[in-house]
Each structure stands twice: as structure tokens, then as C-alpha cells.
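The values are calculated or read from the model by the stated rules, or taken from the named source; none is laboratory data. Remember, it's a predicted structure, so these values are computed and weren't measured experimentally. In this analysis, Cβ positions are derived from the backbone assuming ideal geometry, glycine residues included, and neighbour counts consider all displayed protein chains.
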């Protein structure tokens, strides 16, 4: 079963569980003539909405790429997660409002045996359902499923607080409805904000996990022709669609057909292992003890002598065009690299004839 089918299956489980719980509450409500329990059953029907949103979002995300969306529609899943997170946040805000009202104007709730049975069953169902859906969401990297599972778990916590309040009321005749409700509501609001922030961050272009970038670099470096991996850039177009690019250092003695073969091997490896559509660029490394190789070593040593620089690559030298160029990666946190770049350029000009054009290209590490 593929990822999308598993997400839909977990969501269907959520729908069925909530429908069964609603039917149970409605039956108990009618048998006990309790309007409150019947209304609670209707409220359970609204919990189905989270699972429906997840299914709809997953289905829409499977739409193939078209002229207007050449990278597919995978990011729709993030919108689904945002909508569910907003629902959770709204539930927390509503609960907080009602809880504050109970604190200001306390009431003495009454609990029947039938209502306590319903509360107990609801806690068990919501806990099992919430853990199942959330665990599936984490396994499948589905923010929508994680949010839906969290929603169910929060329902269980709220219901458990109601049961605790009922116990305290029956034993000590003290109502904790408002206080417990307010505390739990704040927790739900905080969780709602966290649930919203993750998919929003993905839509804004969040940095991919360092574990993935390290794995990619290690795997590419295993090719014997590769002497370095640089400029790794990854764009996320949904949980299962990623497009990226990188550069590799190879000997300047490699033929074009050999470079072509190496690029294809790297691309196939990245797609088979990570599902990444990868573009591979090449930097030529001077070999032996040629003047160009000697100059490259001098340039590398000079650039890395600057403590503000963490990496250098992309060395290019052309006597024909009178050009010397090198890429440098500054440390994070340096807001203005211009003075350092100028200093490096001035030092590099001392290594080449005066009529050469010296270029220092400032790169940034987008993946780590």
C-alpha cells in the first residue's frame, strides 16, 4: 500500500470511529433522555471533519503536474494540515472562553451514571484513535494526519478533565470545571500554534533535515570519481516530491561521456533512494603539478585563511579569457560579507597578472 492509500485508510478509520462513538452517545442519550449527551453525539459528528479534510487534501495532492503547476500539487497537503490546525486552535479558543465564563460564574454540574459511562467510553476511544492516527501521520510524514490525531487526543484530555471534575464534584462537592478547562485550553492553543507553524514553514521553504543532507553528501561521495559535493539545494513540493541540485568536484581529465555517465548514476541514485529529481553540475579540479593545479592550491589556502569563510569551491581559471573566479561560503550570521569579499579579491589579484578579472562569488549553505 502506497503512502497516500495509507493516509486515506487511517482517515477512514478516524471517520468510522467517530461515527460509532456518535451513535453510541446518541443511543445512551435517547435511552436516558439526556439532551446533553445527544448534543455531545452531534459534536462528535463534527470531529469527522478533520478526517474528511485529510482525505480531500490527500486526493487533491495526487493530481498530476500540469502547465500551471509543473511540480505537481503535493503542497495541498500542507494546506490541509493548516486547516485542521486552525480547527484545533478554534476549539481551544472556544473552550477557553467557556472555561473563563465558568470561573467567573461557577455552576454546579450534575452527573448521571449514563453520562459517566459515555465519558469513560469517549476517553478510551479518543485515546486509541488519537495515538493510532498521530503515529501513522509521523510515520508517513503527513502533517494533516498528525494534526487530526492530535485533535482526537486533545478531545480525550478534555473529556478526562471532565471525568476528573465529576469525581471531585461527587466526592468533595467542589467544581473544577472552569479551572481545568482553562488550563487545558491554553495547552490546546499552544499546540494549535505549533501545528500551524510546521506546514506554514514548509510552504515558506523550510530547510530540509540535516540527516537527509548528510546522507546525500555521503552517498554521492562514495562514487570514486567524486572529490567533493557542494551547492546542495533542495526544494520541497510536498511530502513526497523534492527537486534539487548539487555540484561535484571531478578531475579535469575526465571526458564528457564519463561526466555524463557519472551525472546519470548520481541522478538515478538520488531518485531511487530519496525520490529527489536531482540536477548535477560539475566543477573541474586541476590534477598533477601543473601551474593551474598549483594556483588552485594557493587560492584555496588563501581563501580558507579567512576565519569568516567555512568553505571554498568552484575554482575557475582561464588564461585565454583572463579570468580567475572562486566561490566562497561565509559563516552563518555574517550580515555584510562585502568587506571580506573585497579583501579576498585584493589578495587573489596578487596571484595573477594585473589584466586578469578576479571574481569572488559569495555562496550560501542552503542545506545545512
#### Entry: Residues located in region 271-281, provided they are touching a residue at least 40 places away in the same chain (Cβ under 8 Å) and either in a strand (DSSP E or B) or not assigned by TED's automatic domain parsing to the domain that holds residue 318 (or both)
276, 281
### Which listed residue is modelled with pLDDT of 95 or more and buried (at least 17 other Cβ atoms within 10 Å of the Cβ), from 11, 34
11
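Yes or no, residue by residue, for (1) assigned to a helix (DSSP H, G or I); (2) exposed (fewer than 15 other Cβ atoms within 10 Å of the Cβ); (3) not assigned by TED's automatic domain parsing to the domain that holds residue 241:
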| residue | (1), (2), (3) |
| --- | --- |
| 262 | yes, no, no |
| 269 | yes, no, no |
| 292 | yes, no, no |
| 307 | no, yes, no |
| 339 | yes, yes, no |
### Positions within region 204-226 being modelled with pLDDT under 95, part of a loop (DSSP other than H, G, I, E, B) and in contact with a strand residue (DSSP E or B) (Cβ under 8 Å, 6 or more places away or on another chain), in sequence order
205, 206, 208
### Task
Go through region 177-211 and give me each residue that's crowded, with 18+ Cβ neighbours inside 10 Å and under 26 Å from residue 328 (Cβ atoms).
208
### Message
Please determine whether any residue of region 309-320 is under 29 Å from residue 290 (Cα atoms) and either outside the structural domain of residue 354 (by TED's automatic domain parsing) or not in a strand (DSSP E or B) (or both).
### Response
yes
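Condition check ((1) farther than 24 Å from residue 9 by Cα; (2) assigned by TED's automatic domain parsing to the domain that holds residue 28; (3) surrounded by fewer than 18 Cβ atoms within 10 Å (Cβ to Cβ)) across all residues:
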residue: 88; (1), (2), (3): no, yes, no
residue: 99; (1), (2), (3): yes, yes, no
residue: 124; (1), (2), (3): no, yes, yes
residue: 139; (1), (2), (3): no, yes, yes
### Query
Within region 345-367, is there a residue that is touching a helix residue (DSSP H, G or I) at 6+ places or on another chain (Cβ under 7 Å), part of a helix (DSSP H, G or I) and in the same structural domain as residue 298 (by TED's automatic domain parsing)?
yes
### Query
What are the residue pairs meeting all of these: first residue in region 234-260, first residue assigned to a helix (DSSP H, G or I), second residue surrounded by fewer than 18 Cβ atoms within 10 Å (Cβ to Cβ), Cβ atoms under 9 Å, and 6 or more apart or on different chains?
258/225; 259/225; 259/282
### Condition check for residue 77: assigned by TED's automatic domain parsing to the domain that holds residue 180, in contact (Cβ under 8 Å) with a residue 40 or more places away in the chain, out of contact with any helix residue (DSSP H, G or I) (no Cβ under 6 Å at 6 or more places or on another chain) and part of a helix (DSSP H, G or I)
no
### Query
If you check residue 220 against the conditions, is it crowded, with 16+ Cβ neighbours inside 10 Å and under 25 Å from residue 358 (Cα atoms)?
no
### Message
Residue under question is residue 284, and the condition is that it be surrounded by fewer than 15 Cβ atoms within 10 Å (Cβ to Cβ) and in the same structural domain as residue 334 (by TED's automatic domain parsing); does it hold?
### Response
no
